[in-house]
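See below for the structure under consideration.
The values are calculated or read from the model by the stated rules, or taken from the named source; none is laboratory data. This structure is a prediction, so every number in the text was calculated from the model and none was measured. With ideal geometry, Cβ positions are generated from the backbone for all residues, glycine too; neighbour counts draw on all protein chains shown.
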Amino acid sequence: MRVVECRLGHALAAHTEEAKIGVAAGGEIVIDLGEVEDYLRLAFDEAQLVKSGQDETQRIVQAARDTNAIYFTGGSTGLAFLSGALASAFPDAKPVFGDRLASVAIGLGIHARRVFG
């Protein structure tokens, strides 16, 4: 409940994005979640991330067999195991890579312009 009561959702999302980028750069990452619970820290590396994402990756692959293009964007695109697995699952799809660090923000800006003028 602390996450909801203290409105920590965006902070947790930011920690997640930082961790994905850090793992993509290599090495183990430690996330300090002290704002959620005192002294809470999570450490993981690429092997753990691969293991935790395999089932979800397979569900995504099964759901989109007829795709003709795959657009990779955001911090996760630096995770070669993920982008490689997705690209190889769609051999007829053209892989398109956006700016890993800026394309999400650019997309949000485009959406904001549409909504707010």
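Quick look at the numbers
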{"item": "Only listed residue being touching a residue at least 12 places away in the same chain (Cβ under 8 Å) and in contact with a Phe, Trp or Tyr (Cβ under 9 Å, 6 or more places away or on another chain), chosen from Ala64, Ala93, Ala25, Ala80", "result": "Ala64"}
{"item": "Any chance His10 is part of a helix (DSSP H, G or I) and loosely packed, with under 10 Cβ neighbours inside 10 Å", "result": "yes"}
{"item": "Given (1) in contact with an Asp or Glu (Cβ under 8 Å, 6 or more places away or on another chain); (2) surrounded by 10 or more Cβ atoms within 10 Å (Cβ to Cβ), number of the condition Asn68 does not satisfy", "result": "(2)"}
{"item": "Meets criteria (surrounded by 10 or more Cβ atoms within 10 Å (Cβ to Cβ), under 23 Å from Val30 (Cα atoms) and of a type in the set (S, T, N, Q)) for Ser76", "result": "yes"}
{"item": "Complete set of residues in the range 34-75 that are touching a helix residue (DSSP H, G or I) at 6+ places or on another chain (Cβ under 7 Å) and at positive phi", "result": "Gly74"}
{"item": "Subset of the range 82-100 [of a type in the set (Lys, Arg) and either surrounded by fewer than 11 Cβ atoms within 10 Å (Cβ to Cβ) or more than 15 Å from the chain's Cα centre (by Cα) (or both)]", "result": "Lys94"}
{"item": "The lone exception for Ala63 - which of (1) modelled with pLDDT under 85; (2) farther than 17 Å from Leu101 by Cβ; (3) touching a Ser or Thr at 6+ places or on another chain (Cβ under 7 Å) it fails", "result": "(3)"}
{"item": "The range 80-117 - residue that is at pLDDT 85 or above and aromatic (Phe, Trp, Tyr) and, of those, farthest from Ala25 (Cα to Cα)", "result": "Phe116"}
